[in-house]
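Worksheet: the structure to be examined is printed underneath.
The values are calculated or read from the model by the stated rules, or taken from the named source; none is laboratory data. No experiment lies behind these values; they were computed from the predicted model shown. No Cβ is skipped: glycine too gets one built from the backbone with ideal geometry, and neighbour counts run over all protein chains shown.
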Amino acid sequence: MKKNYILLALTGALALGMTSCSDILDEQARSSYDPTFFSSKQGVEGGLTSLYCDLRNLYGNGYVYSALETGTDEYTYAQSGNGENFTSMDLAEGAPRITSTNCDAGRFWDVFPFINTANGVIENAEKGGMDASMIAEAYFFRAFYYFHLVRNFGGVPLDLGSGELKFNSSPVRTSVRNTVADVYLKCIFPDLEKAVADLPENPRVEGAVTKTVARTYLAKAYLTYAWWLKNPNGVPTYPECERDASQAANYFKKAYDTALTAIKNPGPYALQPTYYDVNVATNDRNSEWLLWADHTDQSDQYNGVGKFAWGNGASPENFTSWFPCCNYTLINVDGVSAVQRDLVPGLGRPWTRIAPVIEVFTKTFADKTNDSRYDGTFTYCFRANWQKASPTADGYRKTITGANGMTINAGPWGDYAADVEGHNYGLGDPVLTFLNEDNPNVDYTGNNAGVSAGVLPGRADYVINPSGITRQLYPAVWKIGPYSKDNLTGYGAGVNSGSVRPYVIAKFSELYFIAAEAQVMGASGDMSARDLINVIRARAGKWRWDNNNGVAKIEDHSAEMVAATPAEITIEYIMQERSREYFGEGHRWYELTRTQTWEKLAGTYHMGGMTFAEHTNALNKRNITKDLYLRPIPQGQLDGMEMAKDEKALYQNPAYRD
């Protein structure tokens, strides 16, 4: 049996126990389990715990991440991401088309074993003596995974071989796809509604789902279904079915009401005081995080993989941060590799697979003075850290000569075990800085710093204008970067391993965006879209730390942020705010396709060339057509099905049939 068959005799997941510890999920590895496993309390509880572990197979996988970011108004392919699977997902002119064999979104098809596990837990919960609140967790996850499937592929099968929403124990190589409406009305909505009713307000263990988590996904599902019903731009669905646009208003209202209920009844969740606090590594698993795929540097077992083993770029590692990280290690000044691989956010392993488009810096994050989210999202100042290689060696250089013959200092010498604000403070002066705004005086003449950077009078660091980023050199994403205290006396044993930080999946702040979007689409209630968005924007104006300069910054620009919010909130404005709040967190393709703004917002972008020296950017066009709003069913699934050729052809989404 192949992993990507829908219908499996065994779930192929990890079966995990829950009895040895009261405050964490006790993960005891098991390669597979048969139907009899669910006949015991340990088995049912183990199946439930595996649903949390399964999150690591999606979240933290760089290819899944790329599938949800490449080809959007946030990311395009980078210099080392010019292979078929990246350029095709970018819909680049002249690139191969997306097919059933090169689409990384096909990895979402592999969630069917997780769904079958949820079915097994739900059906056998009574045997295990499981109470309603724990069964509700399985209902949540079944809806959660079907929600991923329906947004990627359209209608998908609810019957895995033993009947709709039933646990299947025998391999079946035929399948019938349900419609999008079926998936929402028969599974996603009733499962999430039951989860809301039965889940507790407080998690039974750290990271377990609660009423607020379920309400967030229910509100998002209502919102997504409302757009699907309304279908303002005539995007096709498959399998074909009727859509009653007159019902859309009802679901926009449900989305608004559900989100507002969660905001007013948050349980243990709350917004963090600053945007920086949401994402700084030393504050992981904070009150704003609703759901995450967990990793840790405290245990190989609970990390899901050897925590400091050389990373292989495969699940269950968290290797997402490698993809948008440019190869900063090529920065060479005065004969010194001035910025070396380090296990700190914004650095880590540089794979250079996807790159942010220039509009991210010139439009999305245009306000870099009042809005803290640019500084709290990117590493745009690469600082000296060469001295960490051997800080006490005789003759080791403490300074190098940078731009304009000026001195660049190494970081603190000797012992730098102080861990401040999630950084190792063995960092020295700026070596390469991406400027906040274009400066016409930047001189790119020469191979400065080994990466053809520019020079400005009076500055020791080398610089690049926002309009001069290339597919090889661009700001890195700080907020999802790796971190471990293992690096306190050097670069860290795990600098080439997967990140041991958890991957955040959902945040409490999104409830404000869901409600605001629903209100713009006609829902009414206590808070207007502007009221809701301004809660987030006011928080974004509060600074307590200058991330790229590594110094305290106690400033409050909330008033300026609120004053700059337009009187009339549009969907396009909400999409801009979503990108400022959640840039590079693996949500963007879902947001663009839900609102049917994909072509409008991402159809063109500007980008420099493939090499360091190509700072003159060009307009790039994408061929985003309505039939691409659905992803292809993976070819491995079709090959494994014992169905007639014409039946297989009809099973595939129309844009990807031979």
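So here's what we get for this one:
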| quantity | calculated |
| --- | --- |
| Residue ID - surrounded by the most Cβ atoms within 10 Å (Cβ to Cβ), chosen from residues in segment 313-336 that are part of a helix (DSSP H, G or I) and either at positive phi or β-branched (V, I, T) (or both) | T320 |
| Any hit, segment 269-283, residues being within 16 Å of V504 (Cα to Cα), in contact with a Lys or Arg (Cβ under 6 Å, 6 or more places away or on another chain), of a type in the set (D, E, K, R) and modelled with pLDDT of 95 or more | no |
| So G608, is it more than 24 Å from the chain's Cα centre (by Cα) and either at pLDDT below 95 or more than 25 Å from L435 (Cβ to Cβ) (or both) | no |
| Any hit, segment 196-206, residues being surrounded by fewer than 19 Cβ atoms within 10 Å (Cβ to Cβ) and assigned to a helix (DSSP H, G or I) | yes |
| Those residues of segment 304-342 which are polar (S, T, N, Q), touching a helix residue (DSSP H, G or I) at 6+ places or on another chain (Cβ under 9 Å) and under 18 Å from N61 (Cα atoms), in sequence order | S315, N318, T320, S321 |
| In segment 76-108, the residues that are buried (at least 22 other Cβ atoms within 10 Å of the Cβ) and acidic (D, E) | D90 |
| Whichever residue in segment 353-364 is out of contact with any strand residue (DSSP E or B) (no Cβ under 7 Å at 6 or more places or on another chain) and surrounded by fewer than 23 Cβ atoms within 10 Å (Cβ to Cβ) and, among such residues, is nearest to S558 (Cα to Cα) | T364 |
| Test for E572: is it in contact (Cβ under 8 Å) with a residue 24 or more places away in the chain and in contact with a Gly (Cβ under 9 Å, 6 or more places away or on another chain) | no |
| Residues (surrounded by 24 or more Cβ atoms within 10 Å (Cβ to Cβ) and either aliphatic (A, V, I, L, M) or without any contact (Cβ under 8 Å) to a residue 24 or more places away in the chain (or both)) located in segment 501-538 | L511, I514, A515, A516, A518, A523, A529, L532, I533 |
| Residue under evaluation T470, criteria (1) in a loop (DSSP other than H, G, I, E, B); (2) more than 27 Å from the chain's Cα centre (by Cα); (3) not hydrophobic (A, V, I, L, M, F, W, C), criterion not met | (2) |
| Matching residues in segment 154-179 - criterion: being in contact with a Cys (Cβ under 7 Å, 6 or more places away or on another chain) and closer than 22 Å to Y629 by Cβ | L158, T179 |
| Matching entry among A105, A95 (being assigned to a loop (DSSP other than H, G, I, E, B), small (G, A, S), over 30 Å from Q42 (Cα atoms) and out of contact with any Asp or Glu (no Cβ under 6 Å at 6 or more places or on another chain)) | A95 |
| Residue list for segment 245-266, restricted to those being surrounded by fewer than 17 Cβ atoms within 10 Å (Cβ to Cβ) and of a type in the set (G, A, S) | A245, S246, A249 |
| Count of segment 244-297 residues which are part of a loop (DSSP other than H, G, I, E, B) and not aliphatic (A, V, I, L, M) | 18 |
| Residue match in segment 317-336 (condition: within 19 Å of the chain's Cα centre (by Cα) and among the aliphatic types (A, V, I, L, M)) | no |
| Scan of segment 337-374 for residues that are assigned to a loop (DSSP other than H, G, I, E, B), closer than 25 Å to Y275 by Cβ, under 19 Å from the mean Cα position of the chain (by Cα) and of a type in the set (A, V, I, L, M, F, W, C), ordered by number | V344, L347, V357, F365 |
| Conditions (1) farther than 15 Å from Q340 by Cα; (2) assigned to a loop (DSSP other than H, G, I, E, B); (3) at pLDDT 95 or above; number of the one not met by G454 | (2) |
| Test: residue in segment 459-475 that is at pLDDT below 95 and of a type outside the set (G, A, S) | no |
| Test: D73 is among the charged types (D, E, K, R), buried (at least 23 other Cβ atoms within 10 Å of the Cβ) and assigned to a loop (DSSP other than H, G, I, E, B) | yes |
| Segment 539-558, residues that are buried (at least 18 other Cβ atoms within 10 Å of the Cβ), modelled with pLDDT of 95 or more and out of contact with any Leu (no Cβ under 8 Å at 6 or more places or on another chain) | A540, G541, K542, W543, H557 |
| Subset of segment 34-48 that is surrounded by fewer than 24 Cβ atoms within 10 Å (Cβ to Cβ) and either of a type in the set (V, I, T) or assigned to a loop (DSSP other than H, G, I, E, B) (or both) - its residue that is modelled with the highest pLDDT | S40 |
| Filter result (over 23 Å from G207 (Cβ atoms) and of a type in the set (D, E)) within segment 451-506 | D461 |
| Cross-chain or 6+ apart pairs with Cβ under 8 Å, segment 49-75 first and touching a residue at least 60 places away in the same chain (Cβ under 8 Å) and on the phi > 0 side of the Ramachandran plot, then part of a helix (DSSP H, G or I) and surrounded by 24 or more Cβ atoms within 10 Å (Cβ to Cβ) | G60/T320; G71/M89; G71/W589 |
| Residues that are more than 14 Å from F323 (Cβ to Cβ) and of a type outside the set (A, V, I, L, M, F, W, C), drawn from segment 83-101 | E84, T87, S88, E93, G94, P96, R97, T99, S100, T101 |
| Failed condition for Y302, given (1) buried (at least 19 other Cβ atoms within 10 Å of the Cβ); (2) not in a loop (DSSP other than H, G, I, E, B) | (1) |
| Odd one out for Y145, checked against (1) at pLDDT 95 or above; (2) at positive phi | (2) |
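Here is a yes/no grid of residues against (1) out of contact with any helix residue (DSSP H, G or I) (no Cβ under 6 Å at 6 or more places or on another chain); (2) over 24 Å from D277 (Cα atoms); (3) of a type outside the set (D, E, K, R):
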| position | (1), (2), (3) |
| --- | --- |
| L473 | yes, yes, yes |
| G492 | no, no, yes |
| V504 | yes, no, yes |
| I514 | no, no, yes |
| Q519 | no, yes, yes |
| D546 | yes, no, no |
| A559 | yes, no, yes |
